[in-house]
Amino acid sequence: MSPAEQAQKDRLTGIALMCGAVLLFACSDAAAKYLSGHMATIQVVWARYMSAFVLALFMFNPIRQPQVMRTSRPWLQLGRSTLLLVSTALNFVALRYLQLDQAVAIIFCTPFIVAALGGPMLGEWIRWRRWTAIGVGFLGVLLVTRPGAGGIHPAALLSVMGAFCYAIYSISTRILARTDSTATTNFYSNLVGAILVSIAVPFFWTPQSDPIVIVLMCIMGLFSGMGHYLLIRGHRLAPASVLAPFIYTEIVWMIALGYAVFGDVPNHWTLAGVAVVIASGLYLLYRERVAGVKGEL
């Protein structure tokens, strides 16, 4: 096999891994929405973090690999992990009231927030074309939420707040990538979240006897953890610029799972908003590639 053929094969494999990752993320969110009908949100968050933490212990055993616990910026690791926990909790609460496709449409605005905050927080300033794309993407989110116009449940605001937390979490991840390994950062994410939620969950705990609920509690975090694993594997095989557009395939899985599990049918406002958000995200990706070639922002 020639180098060009191998590169093409790696790219296709990377794309397949990315599509598999977003499918697992969609399954995790669907499981969270299902469980929210049977228990308090804090118990759902606890189940997600504990199952993910068990997976992290299995993959990055700190006894055999003590280096996984070494970080040069412990306070930033703590803050980043807390932001992820808050984002997860906000989105899980929102999922009690929103359809899966509505929630993911709002979450898709995260890249716009990252681009906007990248200047003051990372020194990565952007120009008017990408500011325009950010504004258009925000309009797409407004199409989905339709504030003040009899739109979706006010819980959509929680998803917006969760997107802001996740954006700052993403920026913190980029800062930590300069000093800490991926394994260290992932391990702290699950460790801090599991500890903090375990402190609060006894006050909200309700025993469960339904086998489906128990199984979902055990594997929900595995969906997310394995999704991140496939994501990392995919990025080792293909450039981020090739893989990034395929994150939007998650909306397909969200619509399918929403219909199959909850009987939710997306309305025309949601579909229109999703189309605008995706188009804006793809334009941001295009400008990123152009800027990379020209050496500008």
Looking at residue 117, is it over 16 Å from the mean Cα position of the chain (by Cα), at pLDDT 75 or above and farther than 28 Å from residue 222 by Cα? yes
Can you name the number of the only condition in (1) in contact (Cβ under 8 Å) with a residue 60 or more places away in the chain; (2) closer than 20 Å to residue 233 by Cα; (3) not β-branched (Val, Ile, Thr) that residue 57 fails? (1)
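Can you say whether residue 105 is in contact with a Cys (Cβ under 9 Å, 6 or more places away or on another chain) and modelled with pLDDT of 70 or more, as far as the supplied structure shows?
no
Working only within the range 213-232, note down all residues that are under 12 Å from residue 44 (Cβ atoms) and buried (at least 18 other Cβ atoms within 10 Å of the Cβ). Give the derivation first.
Kept after step one, since they are under 12 Å from residue 44 (Cβ atoms), are these residues of the range 213-232: 213, 216-217, 220-221.
Correct list: 216, 217, 220, 221.
Filter the helices (runs of 4 or more DSSP H) completely within the range 164-259 down to those with at least 2 residues that are farther than 30 Å from residue 275 by Cβ.
Result: 182-200, 211-237.
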Being of a type outside the set (A, V, I, L, M), within 14 Å of residue 224 (Cα to Cα) and at pLDDT below 90 is true for just one of 53, 92, 112, 60. Which residue is that? 53
Is it true that some residue in the range 174-196 is more than 18 Å from the chain's Cα centre (by Cα) and over 22 Å from residue 67 (Cβ atoms)? yes
Failed item, numbered, when residue 35 is tested on (1) over 20 Å from the mean Cα position of the chain (by Cα); (2) within 16 Å of residue 223 (Cα to Cα); (3) of a type in the set (A, V, I, L, M): (1)
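Could you tell me which residue of the range 180-196 is surrounded by the fewest Cβ atoms within 10 Å (Cβ to Cβ), considering only residues that are under 11 Å from residue 45 (Cα atoms) and touching a Ser or Thr at 6+ places or on another chain (Cβ under 9 Å)? Reasoning before the result, please.
Of the range 180-196, the ones under 11 Å from residue 45 (Cα atoms) are 193-194, 196.
Those left that are additionally touching a Ser or Thr at 6+ places or on another chain (Cβ under 9 Å): 193, 196.
Values: 193: 25, 196: 19.
Among those residues, the one meeting the criterion is 196.
The values are calculated or read from the model by the stated rules, or taken from the named source; none is laboratory data. Treat the numbers as computed from the prediction; the structure is a model and nothing was measured. Glycine gets a Cβ as well: all are built from the backbone with ideal geometry, and neighbour counts include every protein chain shown.
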